[in-house]
Amino acid sequence: MLRLALRKYRRFAALAIQETLAYRIPYIVNMVSIVVTYAVIFGIWAAVFSGKASVGDYAWAEMKTYLVISLFMSALVSGSSEYRTSRQIRTGNIAIELLRPADYQLSSLSITLGNSLCEGVLVSLACLAFAFATGPGVFPPDALSWALFVVSCLIAIATKFLLVYVFGLACFWTNSLMGISWLRKGLTDFFSGALIPLAFFPGWLMTVADWLPFRNIVWVPAGAFTGRIAGADLARSLAVGVAWVVALWLIARFVWSRAMRKVTIQGG
Amino acid sequence: MAIIEATGLCKAYESAVKEAGLAGAVKHLFKPEYREINAVRDVNLSIESGETVAYVGPNGAGKSTTIKMLTGILMPSAGTVSVNGMDPYRERMENARRIGVVFGQRTQLWWDIPVRESFTLIRDIYGISAARYRDNLSYLTEVLGLAEFMDMSARKLSLGQRMRADLAVSFLHDPAVVFLDEPTIGLDVAVRERIRAFLARVNRERGATILLTSHDLDDIRDVCERLVIIDHGTVIYDGKLQTLLDLCVRTRTMHLRLASGGDALAAKLDKKANLQTIAHSDCEISVEFDRFALSARDVAALAIESGDVIDFRIDEPDIERVIKNVYEGKLDLAGAGK
C-alpha cells in the first residue's frame, strides 16, 4: 500500500522534471531573471559596504555568503510551482486533478519537489559562479553544520511550498492571482530576510518576523550556513520550523476542505 | 442496489450580480449582491450496472453540474449520491479509482510528454498491476487505433486523436462506471462513429456502465438504451428512447411517387380519416398519417387502390425534432417514461 503510494507520488515528481525539460527556455529565463535581480541586490549591498569593514555586525564576507544563500532559496519553488494551483483553479482544470485517485496536496508537493530539484541544480551552478566571482565567503565548518544546513533547506522548501499553495488556494475565492501572489511575494521577501537580513530590523519588527513562518525560508538556512545561528539556537529554530511546516500543512488541509465546499469548477 | 443512485440531488450556488460598467463594478465592491442559482433541482436517478444512459438537455440545463456531483468533484447542496455504494464526494479518492471520466472539453493527458508516458503515469497513479495494464493497453490500442500516435506528445495530437487517447486513459483501470461529458464535441463524422462503436463494444464486452451527455443525437441512438432529459435543473423524462418517440411522434409521413393523377388522388385521400396530404403535385404526394390509427400498409394500400403509385418512402420519427420540442416545452411529458 505504502509502496504503491510512494510510487504514485514519485511519478508526480518525475513528471515535474519531464515537464521542466520540455519547457527548458521559460525555466532558464526564470532562473536568469532571479540571478539578475540578485546581481542588482548584490550591487546595492556592495555600495553599502564600500570602504567599511562591516555594517552592523556583518562583515562583507558574511554578507556576500548571506546573499548567495538568499539567491539559492529564492530560486527554489519559483516559476511554474508558484502558479500551478492558481492556474488550475482559474482554468477549471483542477477538475481533472480531482478525478484522479491522488491527494492534491501531496501530488502538488511532489511536483514542487521535482521542480525544486531542477531549479536546485541550475541555481547551484549560478551560486558557485557568484561565489567565485565575488571572492571568499563563509562556509559551514564541519559535516554536522552542512547536514543541519541541508535540513534547514528542506524545511525552507516545505514552508515555501505550503505558503505558495495556501495563497494559491485563495484563488477559489478571488478567481485572480495577481494581488494574492504579490502579497505573498512581498511578505516572503520582507519577512524571510531575502532583501535585508532580519538582524538589521528594528527590535519590534524582528520580533514580528520571529513569530512568522517566513524566516524559515531564508533567514534560518542562511544563518545555519554562515554559523550565525548555531548550537541550541539552531536546534530551536529548526524545531520551530518543523512545527510551522506541520501547522501550515494542517492549515492548508483546512483551507482546501473549505474551498471544496464552495468550489465552482470554472467552465463547462 | 443500483450502481448509481441519486436522490433529491440539488446544487445551488451564488452568482455575483454586477451592474454594467465601472460604476457597477465599484458598487459591487462595496455592496456585493448575489443571486442564488439552482443549477440542479431535485434530480433522482437510479442506474443499474451495465446500463447505457444518455443524459441530455439544452446548454445550461445542469448536465455537467450533475456529472460533477456524481464524480465527486462538487459537493451537492442537498440530496444524496451513491456510486459503487460510496459517497463520491466524501470518498473522492476511493471513488476515483473505480470510475472513469471523459470531459470532451478537457484532457487528462499531460500536455508535454508522449501519450505512452501519460498512460504509464495513469498506471502508477491508479496502481494498476503490470499484467492488467498490459492487457488493457493492448485491447484499447487495438480498438481505438492508438498505435500511430503513442509516441507523440499530447499537444501535437489532433482533436480526434486526443479524444481517443483520453478515452483510453479513462478505461485503463477497468472502471465499473464511466461518465462522458460531451465526448464527441467538435469531432468529425468518422471519429464520432469510431467512438460510438468503441463505447458500445466496451459496454458489451466489459460490462462498463456508461452515462454520457451529448448534443449529438446519433451518440444517444447508437450507444444508449435509456434516455434521461434534464431541463432547468430538473429531470423531465426518464425512459427508453423508443418510448419517447412513440409518445411524442403521433404522425408519420409517407411520400408517394406517381405516374400521374396526383391532384385527383390527393383529393380522394383527404376524404379519409386520420390522414391528410401535406403537399402534392401531379407526380408526388406527401401524406401525414396518425400512426396509431393507420399502419403504413393501410396508407400504401389506400393509395395503390386509387392511384398509379410507382414508389414510396416513409420518414422515420426525427429524434432531433422530438428532443427540440421537449426542450421548448411543446410536448407534455407528464406520465411519460417509467
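The values are calculated or read from the model by the stated rules, or taken from the named source; none is laboratory data. Note that the structure is a prediction, hence the values are computed from the model and not measured. Every residue, glycine as well, gets a Cβ built from its backbone with ideal geometry; the counts of neighbours run over all protein chains shown. Ligands, DNA and RNA are stripped out before the accessible areas are found, and what is left, the full protein with its side chains, is counted by its heavy atoms. Shrake-Rupley method; radii C 1.70, N 1.55, O 1.52, S 1.80 Å.
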For residues in the stretch A:78-92 being open to solvent by 30 Å² or more (accessible area, probe 1.4 Å) and within 12 Å of another protein chain (Cβ to nearest Cβ), which is farthest from the chain's Cα centre (by Cα)? A:91
Apart from one, (1) of a type in the set (A, V, I, L, M); (2) open to solvent by 20 Å² or more (accessible area, probe 1.4 Å); (3) more than 10 Å from every other protein chain (Cβ to nearest Cβ) all hold for residue A:22; the odd one out is (3)
The one condition residue B:48 fails out of (1) among the acidic types (Asp, Glu); (2) in contact with an Asp or Glu (Cβ under 9 Å, 6 or more places away or on another chain); (3) more than 30 Å from residue A:14 (Cα to Cα) is (2)
Every listed condition ((1) over 20 Å from residue B:213 (Cα atoms); (2) part of a loop (DSSP other than H, G, I, E, B)) holds for residue B:74 save (1)
All but one of (1) open to solvent by 10 Å² or more (accessible area, probe 1.4 Å); (2) under 30 Å from residue B:106 (Cα atoms); (3) modelled with pLDDT of 90 or more hold for residue A:262; which doesn't? (3)
Among residues belonging to the stretch A:25-34 that are free of Cβ contacts under 8 Å to residues at least 60 places away in the same chain and within 14 Å of chain B (Cβ to nearest Cβ), point out the one that is least open to solvent (accessible area, probe 1.4 Å). A:26
Filter result (touching a residue at least 40 places away in the same chain (Cβ under 8 Å) and either surrounded by 13 or more Cβ atoms within 10 Å (Cβ to Cβ) or assigned to a helix (DSSP H, G or I) (or both)) within the stretch B:288-305: B:290, B:291, B:296, B:299, B:300, B:303
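Residue-by-condition table, conditions (1) under 20 Å from residue A:225 (Cα atoms); (2) away from chain B (no Cβ under 14 Å):
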{"site": "A:94", "(1), (2)": "no, no"}
{"site": "A:98", "(1), (2)": "no, no"}
{"site": "A:101", "(1), (2)": "no, no"}
{"site": "A:106", "(1), (2)": "no, no"}
{"site": "A:112", "(1), (2)": "no, yes"}
{"site": "A:115", "(1), (2)": "no, no"}
{"site": "A:123", "(1), (2)": "yes, yes"}
{"site": "A:127", "(1), (2)": "yes, yes"}
{"site": "A:142", "(1), (2)": "yes, yes"}
Just name the residue that is modelled with the highest pLDDT out of those in the stretch B:311-338 that are farther than 15 Å from residue B:250 by Cβ and open to solvent by 100 Å² or more (accessible area, probe 1.4 Å). B:313
Just one of the numbered conditions (1) touching a residue at least 24 places away in the same chain (Cβ under 8 Å); (2) on the phi < 0 side of the Ramachandran plot is not true of residue B:117; which one? (1)
Check the stretch A:35-57 and report whether any residue there is surrounded by 18 or more Cβ atoms within 10 Å (Cβ to Cβ) and either farther than 15 Å from residue A:134 by Cα or touching a His at 6+ places or on another chain (Cβ under 7 Å) (or both). no
Select, from A:13, A:47, the only residue that is modelled with pLDDT of 90 or more and within 12 Å of another protein chain (Cβ to nearest Cβ). A:13
Examine the stretch B:16-25 for a residue that is touching a strand residue (DSSP E or B) at 6+ places or on another chain (Cβ under 6 Å), modelled with pLDDT of 85 or more and not in a loop (DSSP other than H, G, I, E, B), and state whether such a residue exists. no
Does the stretch A:254-267 contain any residue that is touching a residue at least 40 places away in the same chain (Cβ under 8 Å), more than 14 Å from every other protein chain (Cβ to nearest Cβ), over 16 Å from the mean Cα position of the chain (by Cα) and over 30 Å from residue B:40 (Cβ atoms)? no
Tally up the residues in the stretch A:171-223 that are free of Cβ contacts under 8 Å to residues at least 40 places away in the same chain and among the hydrophobic types (A, V, I, L, M, F, W, C), please. 17
Return the pair list, or none, for Cβ contacts closer than 6 Å from residues in the stretch B:68-91 that are more than 10 Å from chain A (Cβ to nearest Cβ) and more than 19 Å from residue A:95 (Cα to Cα) to residues that are among the β-branched types (Val, Ile, Thr) and open to solvent by 10 Å² or more (accessible area, probe 1.4 Å), at least 6 apart or on different chains. B:79/B:7; B:80/B:7
Surrounded by 19 or more Cβ atoms within 10 Å (Cβ to Cβ) and away from chain B (no Cβ under 14 Å), is that true of residue A:231? no
Per the filter on the stretch B:291-328, residues farther than 30 Å from residue B:215 by Cα and either touching a helix residue (DSSP H, G or I) at 6+ places or on another chain (Cβ under 6 Å) or not aliphatic (A, V, I, L, M) (or both) are B:295, B:297, B:298, B:305, B:306, B:307, B:308, B:309, B:311, B:312
Which condition number in (1) closer than 22 Å to residue A:126 by Cβ; (2) in a helix (DSSP H, G or I) is the one that residue A:96 fails? (1)
Restricting attention to the stretch B:231-239, does a residue exist that is of a type in the set (D, E, K, R), within 14 Å of another protein chain (Cβ to nearest Cβ) and out of contact with any helix residue (DSSP H, G or I) (no Cβ under 7 Å at 6 or more places or on another chain)? no
In the stretch A:184-215, the residues that are among the hydrophobic types (A, V, I, L, M, F, W, C) and within 15 Å of the chain's Cα centre (by Cα): A:187, A:190, A:191, A:194, A:195, A:212, A:214
The lone condition residue A:220 fails out of (1) buried (at least 16 other Cβ atoms within 10 Å of the Cβ); (2) not in a helix (DSSP H, G or I) is (2)
Filter result (in a loop (DSSP other than H, G, I, E, B) and open to solvent by less than 20 Å² (accessible area, probe 1.4 Å)) within the stretch A:206-217: A:217
Residue hits (the stretch B:44-65; part of a strand (DSSP E or B) and open to solvent by 10 Å² or more (accessible area, probe 1.4 Å)) are B:44, B:46
Only listed residue being more than 23 Å from residue A:94 (Cβ to Cβ), more than 13 Å from chain A (Cβ to nearest Cβ) and surrounded by fewer than 13 Cβ atoms within 10 Å (Cβ to Cβ), chosen from B:35, B:41: B:35
Kindly indicate the residue of the stretch B:104-118 that is more than 9 Å from chain A (Cβ to nearest Cβ) and farther than 18 Å from residue A:16 by Cβ and also most open to solvent (accessible area, probe 1.4 Å) among those meeting that condition. B:116
Just one of A:241, A:193, A:168 is within 23 Å of residue B:73 (Cβ to Cβ) and open to solvent by less than 20 Å² (accessible area, probe 1.4 Å); which is it? A:168
